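The values are calculated or read from the model by the stated rules, or taken from the named source; none is laboratory data. Keep in mind the model is a prediction, meaning the values are calculated, not measured. Ideal geometry is used to build each Cβ from the backbone, glycine not excepted, and the neighbour counts take in all protein chains shown. Accessible surface areas use protein heavy atoms only, side chains included; no ligands, DNA or RNA. Shrake-Rupley method; radii C 1.70, N 1.55, O 1.52, S 1.80 Å.
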Amino acid sequence: MKRILITGGAGFLGSHLCDRLIDTDNDVLCLDNFFTGSKENVIHLIGNPRFELIRHDIINPIYLEVDEIYNLACPASPVHYQFNAIKTIKTNVMGAINTLGMAKRLKAKILQASTSEVYGDPDVHPQREDYWGRVNPIGIRSCYDEGKRAAECLMMDYHRQNRVAVKIARIFNTYGPRMALHDGRVVSNFIVQALRGEDITVYGDGSQTRSFCFVDDLIEGLIRMMATPDAFLGPVNIGNPDEFRIVDLAEMTIRMTNSPSKIVFRPLPQDDPLQRKPDITLAGEMLGWKPTVPLEKGLKRTIEYFKQQVLTT
Ligand code: NAD
Ligand code: UDP
């Protein structure tokens, strides 16, 4: 049994990670400032003696005693991370420094939830871990992209300078139950719009691509990454390589929800990457991991979840 800290533990991914780690008999400390996460996501764990919920903002130092740290604290939806861009980059940089300081003090292992956004709008396809990316350092997405790149840099520097056992996982677009109703990311937007019979807002002409990973697969990948020998730091891509055009996702969502909704086209946001697909060869070799849930199956489970949410709000 380990004592494990999850920063951003009340968010979409963090709450699923709490569940999985408690199910495997660990003690979980879930730290969150509830900016995009909610108590609702972890309410079923409150009262469980293996679970503690801590309201804290990770830009400030905190002293806890743990064996492992998953650093997930950071809004992930472009709408939310651009809402207070300065706060986003502070969360990434100060959050990494504070959790790395904790890992150093405790000789604890730390896993950084990095992102495919470190590749920016990529001119290499699919993206492998040794690709350095094509990121605009001064655009509206840079608070997130550059924040995550700085966090990776800090992970590596703490490792080289202080021998901290670090792990970097580059997460590609992940979806599933417990995404917030107003999250703003594409899968939740389309499902909620379709269930409400509202227009489906495709940005640009919808020919840009993303590769969608179901949350259960992603969590399995993170846990396997944490369990690798200390010598393996990553970065490792974790995502589903099945690539879809956004307009095809819109059509699939309409079909699967039997919705009367129509597709409408809206301007493409600045610096929106045109294509994205992970090369997951390294995850296969080092973690023995590959995704198992195809998009249609994962969407079905996500639609069921949002049906309940839409009914009760
Ligand atoms: P989310 O927004 O649902 O969760 C983020 C959580 O962090 C929320 O609970 C939020 O309240 C909390 N948080 C934000 N700022 C904080 C702060 N300063 N102090 C403490 N808590 C704070 O997003 P998610 O999809 O669960 O993403 C989790 C992590 O995974 C993020 O770091 C994100 O960048 C990364 N990631 C996610 C995806 C994805 O597709 N879901 C893709 C790439 C990377
Ligand atoms: N998108 C869209 N309609 C929406 C929300 C997003 O067409 O209502 C597009 C967005 O422009 C991007 C893709 O869907 O090309 C994925 O967007 P998301 O915000 O989910 O994540 P990103 O991968 O861009 O961080």
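Brief remarks follow.
- Those residues of segment 110-134 which are open to solvent by 40 Å² or more (accessible area, probe 1.4 Å) and either within 16 Å of ligand 2 (Cβ to nearest atom) or over 21 Å from SER211 (Cα atoms) (or both), in sequence order: HIS125, PRO126, ARG134
- Filter result (part of a loop (DSSP other than H, G, I, E, B), more than 6 Å from ligand 2 (Cβ to nearest atom) and either open to solvent by 30 Å² or more (accessible area, probe 1.4 Å) or under 20 Å from PHE12 (Cβ atoms) (or both)) within segment 176-204: GLY176, PRO177, ARG178, MET179, ALA180, LEU181, HIS182, ASP183, GLY184, GLY197, GLU198, ASP199
- Against the list (1) crowded, with 18+ Cβ neighbours inside 10 Å; (2) within 23 Å of GLN82 (Cα to Cα); (3) in contact with an Asp or Glu (Cβ under 8 Å, 6 or more places away or on another chain), the condition ILE168 fails is (2).
- Some residue of segment 41-62 being in contact (Cβ under 8 Å) with a residue 40 or more places away in the chain, among the polar types (S, T, N, Q) and within 14 Å of ligand 1 (Cβ to nearest atom): yes
- Some residue of segment 210-217 being more than 11 Å from ligand 1 (Cβ to nearest atom), at pLDDT 95 or above and open to solvent by 50 Å² or more (accessible area, probe 1.4 Å): yes
- Residue count for segment 298-309 satisfying the condition of being more than 12 Å from ASP216 (Cα to Cα) and open to solvent by 30 Å² or more (accessible area, probe 1.4 Å): 6.
- Residue satisfying all of: in segment 1-23; open to solvent by 10 Å² or more (accessible area, probe 1.4 Å) and without any contact (Cβ under 8 Å) to a residue 60 or more places away in the chain; nearest to ligand 2 (Cβ to nearest atom) among these: ASP19
- Scope segment 265-293; condition of a type in the set (Gly, Ala, Ser) and open to solvent by 30 Å² or more (accessible area, probe 1.4 Å); matching residues: GLY284, GLY288
- Check on ILE86, open to solvent by 40 Å² or more (accessible area, probe 1.4 Å) and in contact (Cβ under 8 Å) with a residue 40 or more places away in the chain: yes
- Some residue of segment 89-105 being more than 12 Å from ligand 1 (Cβ to nearest atom), part of a strand (DSSP E or B) and under 19 Å from GLU152 (Cα atoms): no
- Taking the criterion of being in a helix (DSSP H, G or I) and not basic (Lys, Arg), the residues of segment 251-274 that qualify are GLU251, MET252, THR253, ILE254, MET256, THR257.
- Taken over segment 63-83, the criterion of being more than 12 Å from ligand 2 (Cβ to nearest atom) and touching a residue at least 12 places away in the same chain (Cβ under 8 Å) is satisfied by TYR63, LEU64, GLU65, VAL66, ASP67, GLU68, ILE69, TYR70, ASN71, LEU72, ALA73, CYS74.
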